[in-house]
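Undergrad: Here it is: the structure, laid out below.
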Amino acid sequence: MLTLYRVFQAGSYFLHIVDTAILVYVVLSWFRPSFRFFYWLSNFVAPFIRPFRRLSEWIMVRTRIPLDFSCWFAVIGLQIINWVWWRLYYLLRLIT
């Protein structure tokens with residue numbers, strides 16, 4: 001039987017996997033790979049990076065720095081979500 005802790009732990013593991021996948025994607029993108037794993041990885045991380053593209057483009061235009069910060073923002077966002085996720089667990093544990 002799944003306990004509340006196990007459910008939250010599984011969610012946290014998923015967020016860490018996505019976080020690691022984004023970091024692997026960033027490193028591999030520097031080398032312009034042409035193998036299938038990179039295309040699969042880019043399809044996996046794209047929904048997590050896409051919400052931060054507009055913010056990254058806005059920063060690139062304003063600062064004239066040609067760097068895409070969307071992956072960095074996504075990693076920070078995932079860490080914040082993970083923090084909120086565990087705070088929700090502790091809140092639910094206090095209620096029950």
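The values are calculated or read from the model by the stated rules, or taken from the named source; none is laboratory data. The shown structure was predicted, so the numbers you read here are calculated from the model rather than taken from an experiment. All Cβ positions, glycine included, derive from the backbone under ideal geometry; neighbour counts span all protein chains shown. These accessible areas exclude ligands, DNA and RNA; they are computed on the full protein's heavy atoms, side chains included. Shrake-Rupley method; radii C 1.70, N 1.55, O 1.52, S 1.80 Å.
Undergrad: For a quick check of your reading: which helices (runs of 4 or more DSSP H) sit entirely within the chain and have at least 2 residues that are open to solvent by less than 100 Å² (accessible area, probe 1.4 Å) and among the small types (Gly, Ala, Ser)?
TA: Of the helices (runs of 4 or more DSSP H) lying wholly inside the chain, those with at least 2 residues that are open to solvent by less than 100 Å² (accessible area, probe 1.4 Å) and among the small types (Gly, Ala, Ser) span 4-29, 36-49, 70-95.
Undergrad: Here are Ser29, Ser70, Ser56: which of them is at pLDDT below 90 and either among the small types (Gly, Ala, Ser) or under 16 Å from the mean Cα position of the chain (by Cα) (or both)?
TA: Of Ser29, Ser70, Ser56, the one residue that is at pLDDT below 90 and either among the small types (Gly, Ala, Ser) or under 16 Å from the mean Cα position of the chain (by Cα) (or both) is Ser29.
Undergrad: Please indicate, with yes or no, whether at least one residue in the range 2-9 is free of Cβ contacts under 8 Å to residues at least 60 places away in the same chain, in contact with a Ser or Thr (Cβ under 6 Å, 6 or more places away or on another chain) and within 25 Å of Asn82 (Cα to Cα). Spell out how you get there, then give the answer.
TA: Step one: of the range 2-9, the residues free of Cβ contacts under 8 Å to residues at least 60 places away in the same chain are 2-3, 6-7, 9.
Keeping just the survivors that are in contact with a Ser or Thr (Cβ under 6 Å, 6 or more places away or on another chain) gives none.
No, because not a single residue in the range 2-9 is free of Cβ contacts under 8 Å to residues at least 60 places away in the same chain, in contact with a Ser or Thr (Cβ under 6 Å, 6 or more places away or on another chain) and within 25 Å of Asn82 (Cα to Cα).
Undergrad: Please indicate, with yes or no, whether at least one residue in the range 50-58 is of a type in the set (Asp, Glu) and within 30 Å of Ile95 (Cβ to Cβ).
TA: First pass over the range 50-58, keeping only residues of a type in the set (Asp, Glu): 57.
Still in the list and also within 30 Å of Ile95 (Cβ to Cβ): none.
No, that holds for no residue.
Undergrad: On the given criteria, is Ser12 in contact (Cβ under 8 Å) with a residue 12 or more places away in the chain, under 23 Å from Phe69 (Cβ atoms) and more than 11 Å from the chain's Cα centre (by Cα)? So that I can check it myself, show each step before the final result.
TA: Values: in contact (Cβ under 8 Å) with a residue 12 or more places away in the chain: yes; under 23 Å from Phe69 (Cβ atoms): no; more than 11 Å from the chain's Cα centre (by Cα): yes.
Spelling it out, it is not the case that Ser12 is in contact (Cβ under 8 Å) with a residue 12 or more places away in the chain, under 23 Å from Phe69 (Cβ atoms) and more than 11 Å from the chain's Cα centre (by Cα).
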